[in-house]
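> What follows is a structure written as C-alpha cells; I'll ask about it next.
The values are calculated or read from the model by the stated rules, or taken from the named source; none is laboratory data. As the structure is a prediction and not an experimental result, all values here were calculated from the model. FYI the Cβ positions are ideal-geometry reconstructions off the backbone, even for glycines, and counts take in every protein chain you see. Protein only, heavy atoms only, side chains kept; ligands, DNA and RNA dropped before computing areas. Shrake-Rupley method; radii C 1.70, N 1.55, O 1.52, S 1.80 Å.
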Amino acid sequence: MKAGDELPPLTVPITRTLIVAGAVASRDYQDVHHDAELAKEKGSPDIFMNILTTNGLVGRYITDCLGEHAVLRKVAIRLGAPNYPGDTMVLSGSVTSVDGGTALVRVIGANGIGNHVTGTVTVTVPATLPEGEA
C-alpha cells in the first residue's frame, strides 16, 4: 500500500430495509429514518439513512479493501446528499499517505444526487499476520 493507490469501488443498494435496520441497530429511533409519512411531514421526500449506518458502511468498505486485520484508528466523515431508498451509493477511496503500517484514506460515497459522505479514515494494516493466518 502506498500513497496514490486507489481502492476498488463498493456499490451499496440503498433499500428501506438497510435504512431502517441500520437506524434500529444503532438505536436511532428518529422518525425520519423509519416512517415515510412523518419524514414527508418534516419536508423530506422519504426516509433517509442515518450517519451511524453510513459510518458502518465506510468502515466495512475499508476493511473489505484492506483486509480483516485492518484496524480503523479514526473515521472522520461528513454527510452531504441524503441516501434515500431506491438509490445506490458507490464508495470509492484513495490512499493519501502512508507512515509505516498506518495509512490515511480519503473516502467518498456518491449517490444519484451527489456525494452522500466524504471524509478520511486512518487505518493500521499489520505488516505480518498472526501465526497460522494467511
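> Under 7 Å between Cβ atoms, which residue pairs at least 6 apart in sequence (or on different chains) link something in segment 1-14 that is closer than 22 Å to ALA103 by Cβ with a partner that is open to solvent by 50 Å² or more (accessible area, probe 1.4 Å) and outside any strand (DSSP E or B)?
Pairs found: LEU10/ASP64.
> Looking at (1) open to solvent by less than 40 Å² (accessible area, probe 1.4 Å); (2) in a strand (DSSP E or B); (3) touching a Gly at 6+ places or on another chain (Cβ under 8 Å); (4) not polar (S, T, N, Q), which is the one condition that is false for ALA110?
Tallying (1) open to solvent by less than 40 Å² (accessible area, probe 1.4 Å); (2) in a strand (DSSP E or B); (3) touching a Gly at 6+ places or on another chain (Cβ under 8 Å); (4) not polar (S, T, N, Q), ALA110 fails exactly one: (3).
> Give me a count of the residues in segment 113-125 that are in a strand (DSSP E or B) and open to solvent by 50 Å² or more (accessible area, probe 1.4 Å).
Going through segment 113-125, the residues in a strand (DSSP E or B) turn out to be 114-124.
In the following step, the residues that additionally are open to solvent by 50 Å² or more (accessible area, probe 1.4 Å) were identified as 115.
The number of residues fulfilling the criteria is 1.
> Does ILE62 satisfy being farther than 21 Å from GLY114 by Cβ, assigned to a helix (DSSP H, G or I) and either open to solvent by less than 80 Å² (accessible area, probe 1.4 Å) or at pLDDT below 95 (or both)?
Numbers: farther than 21 Å from GLY114 by Cβ: yes; assigned to a helix (DSSP H, G or I): yes; either open to solvent by less than 80 Å² (accessible area, probe 1.4 Å) or at pLDDT below 95 (or both): yes.
Yes; evaluated as a whole, the condition is true for this residue.
> Going residue by residue through segment 74-90, is there one that turns out to be assigned to a strand (DSSP E or B), open to solvent by less than 40 Å² (accessible area, probe 1.4 Å), modelled with pLDDT of 95 or more and touching a Pro at 6+ places or on another chain (Cβ under 7 Å)?
no
> When you look at LEU57, is it closer than 13 Å to LEU10 by Cβ and either part of a loop (DSSP other than H, G, I, E, B) or touching a helix residue (DSSP H, G or I) at 6+ places or on another chain (Cβ under 6 Å) (or both), yes or no?
On the way: closer than 13 Å to LEU10 by Cβ: yes; either part of a loop (DSSP other than H, G, I, E, B) or touching a helix residue (DSSP H, G or I) at 6+ places or on another chain (Cβ under 6 Å) (or both): no.
No.
> Given (1) open to solvent by 20 Å² or more (accessible area, probe 1.4 Å); (2) free of Cβ contacts under 8 Å to residues at least 12 places away in the same chain, identify the lone condition not met by ALA39.
(1)
> Hey, another quick one. Keeping to segment 90-128, report how many residues are free of Cβ contacts under 8 Å to residues at least 40 places away in the same chain, within 19 Å of ARG73 (Cβ to Cβ) and not polar (S, T, N, Q).
Within segment 90-128, the first condition is being free of Cβ contacts under 8 Å to residues at least 40 places away in the same chain, and the residues that meet it are 99-102, 104, 106, 108, 110, 112-115, 127-128.
Then keep just the ones that are within 19 Å of ARG73 (Cβ to Cβ); that gives 99-102, 104, 106, 127-128.
Keeping just the survivors that are not polar (S, T, N, Q) gives 99-101, 104, 106, 127.
Residues flagged as free of Cβ contacts under 8 Å to residues at least 40 places away in the same chain, within 19 Å of ARG73 (Cβ to Cβ) and not polar (S, T, N, Q) within segment 90-128 amount to 6.
> Among the residues of segment 1-36 satisfying the criterion of being modelled with pLDDT of 95 or more and assigned to a loop (DSSP other than H, G, I, E, B), which is most open to solvent (accessible area, probe 1.4 Å)?
For segment 1-36, the residue satisfying everything is THR15.
> Under 29 Å from GLU6 (Cβ atoms), β-branched (Val, Ile, Thr) and in contact with a Cys (Cβ under 9 Å, 6 or more places away or on another chain) - does that describe any residue in segment 99-120?
From segment 99-120, those under 29 Å from GLU6 (Cβ atoms) are 99-120; that's our starting set.
Then keep just the ones that are β-branched (Val, Ile, Thr); that gives 102, 105, 107-108, 113, 117-118, 120.
Next, only the ones that are in contact with a Cys (Cβ under 9 Å, 6 or more places away or on another chain) stay: 105.
Yes - at least one qualifying residue is present in segment 99-120.
> Kindly indicate whether any position in segment 60-67 is in contact (Cβ under 8 Å) with a residue 12 or more places away in the chain and farther than 19 Å from MET89 by Cα.
Yes, because at least one residue in segment 60-67 is in contact (Cβ under 8 Å) with a residue 12 or more places away in the chain and farther than 19 Å from MET89 by Cα.
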